[in-house]
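What follows is calculated from the coordinates using simple rules that are stated; it is not laboratory data. All values derive from a computational prediction rather than experimental measurement.
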Amino acid sequence: MSRGFASLRPVYVVGIGLSRYTKPSEATFVDLGLRAVRAAVADAGISFDAVDSASVGTVTLGMAAGRAFLKYMGATGLAIQQVENASASGSTAFRQACLEVASGVSEVSLAVGVDKAAVINSASTKTGLSSLAGPAMIPAAAFALMASDVRQRYGWTREDLARVAVKNHGNAAKNPHAHFQKARSLEEVLAEPEIAGGLTRLQCCPIGDGAAAVIVASDEAIRKIGITRARAPRVLASVARSERLYGPTDWATVELTRETTARAYEEAAIGPRDLDVVEVHDAFSIEELLYTEALGLCDRGEGARFLASGKTHIGGQVAVSPSGGLLAMGHPLGPTGIGQICEITRQLRGEAGARQQPNARVGLAHMVGVGQVCFVHVLRAAD
């Protein structure tokens with residue numbers, strides 16, 4: 001039986017940093033990555049030579065991206081590992097950094113994600129095996145099929161799905177690091193061109209440039225370096241899973257999310273009612289509605305009603321994607337999962353400003369990646 005994360009040394013988030021997510025720009029990935037790392041180092045109040053190891057999440061950049069920009073922080077001898085796991089690359093890098101500290105291999109570890117918008121070179125196209133769906137099954141098409149199926153199953157409307165985008169664009173309008181920073185009405189969301197099925201442009205996430213960084217540390221490092229413990233949420237759970245064989249009417253990402261989250265709740269010794277703030281993989285609007293159900297925040301078939309009730313808005317029962325989510329904060333791939341941890345940390349510190357969920361104590365970050373893989377992290381505010 002494998003040991004759970006909770007059986008290892010405590011791990012704390014001590015520093016966060018972001019380079020704003022944007023449309024494709026002239027900025028180099030070196031500029032973006034250094035901006036995020038420097039911000040995280042400054043936020044932690046440490047020097048970079050205190051960092052023992054770094055996990056670098058990227059998708060589009062190519063070989064050895066981490067060393068190519070971290071060397072400008074100084075030649076400190078830190079261990080660097082490169083991580084690629086599709087949309088979950090940043091979440092994977094964060095998990096690796098947490099495991100470095102939890103296992104005692106490192107006292108201070110950095111997780112950083114950086115990417116530039118580019119054509120994605122997928123290994124699935126090089127297997128030498130034919131696909132029944134072929135190139136037609138792009139993510140937008142797959143989630144449009146999901147939306148069509150669920151709408152028929154539960155009687156949800158186009159408006160039900162569009163309200164996800166309205167909420168998240170409204171949240172992103174208050175986020176200085178978001179790709180989109182303009183609130184949108186229901187009418188505006190529905191009036192946009194359709195990308196696939198009934199999913200309009202504002203119900204599909206933008207992929208652009210960006211970077212995010214998180215520094216985690218042990219109890220010993222916090223004491224030795226003099227890090228402010230009151231600003232250091234603890235990582236209660238870190239769970240990773242890949243898909244199994246599901247039933248013919250099940251959607252793999254939803255069932256995988258349900259299973260991974262259940263493991264995370266057990267590891268963290270909490271339940272869905274304990275959550276105050278959640279960041280989910282809402283690359284398409286239909287996802288948020290189904291993942292709130294899979295997380296146990298509401299019953300199956302109730303996701304649309306749960307959103308319409310205001311319970312997932314900032315100030316509601318549980319703020320879902322207060323950053324703006326992938327839909328509006330953006331999805332630059334490598335940084336995305338780490339950016340979620342930045343938002344959860346900011347919320348648990350009470351430093352989210354106009355996006356602040358009142359009295360936030362427990363947060364959850366969720367990401368999926370093609371394959372399918374799923375990562376769930378649970379954080380608790382410092383006592």
Problem set entry | Amide H within-cut-off set for Gly15, under 5 Å, with H built and near neighbours excluded | Ile215
For this session: Enumerate the amide H contacts of Ser106 below 5 Å, restricted to partners 5 or more residues apart or on another chain; note that Pro and chain-start residues carry no placed amide H.
Result: Val101
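How big is the chain by the Kirkwood estimate over distinct Cα pairs, in Å?
Details: mean 1/r = 0.0488 Å⁻¹.
Result for the chain stands at 20.5 Å.
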Exercise. With a Cα-only, solvent-free Debye model of the stretch 258-336, what are the log10 I(q)/I(0) values at q = 0.19, 0.25, 0.26 Å⁻¹?
Worked result: -0.82, -1.29, -1.34
Problem set entry | Helix-derived mean residue ellipticity, 222 nm - over the chain, DSSP H n ≥ 4, -39500 (n - 2.57), to 500 | -10500 deg cm²/dmol
Exercise. Can you run phi through the Karplus equation (6.51, -1.76, 1.60; θ = phi - 60°) for the stretch 158-169 and list ³J(HN,Hα) in whole Hz, with x for Gly and Pro?
Worked result: 4, 5, 4, 5, 5, 5, 4, 5, 4, 4, 6, 5
Exercise. Taking Lys182 as the anchor, which lysines have their alpha carbon closer than 26 Å to its alpha carbon, excluding any fewer than eight residues away along the same chain?
Worked result: Lys23, Lys116, Lys167, Lys174, Lys311
Problem set entry | Note, ³J(HN,Hα) from phi for the stretch 96-105, Karplus 6.51, -1.76, 1.60, rounded to Hz, x at Gly and Pro | 5, 5, 4, 5, 4, 6, 4, 7, x, 5
Problem set entry | For the stretch 283-294, 3J(HN,Hα) per residue [Karplus equation, 6.51 cos²θ - 1.76 cosθ + 1.60, θ = phi - 60°, Hz, x = Gly/Pro] | 4, 9, 4, 4, 4, 4, 4, 7, 6, 4, 5, 5
Exercise. In the Gaussian network model of the chain, springs joining C-alpha atoms below 10 Å, which of Ile344, Ile270, Ile207 carries the largest mean-square fluctuation?
Worked result: Ile270
Exercise. Sequence-distant or interchain residues sharing an amide H contact under 5 Å with Ala232, placed H: which?
Worked result: Ala382
Problem set entry | Helix 139-154 axis, angle to the chain major axis (alpha carbon atoms, nearest 10°) | 60
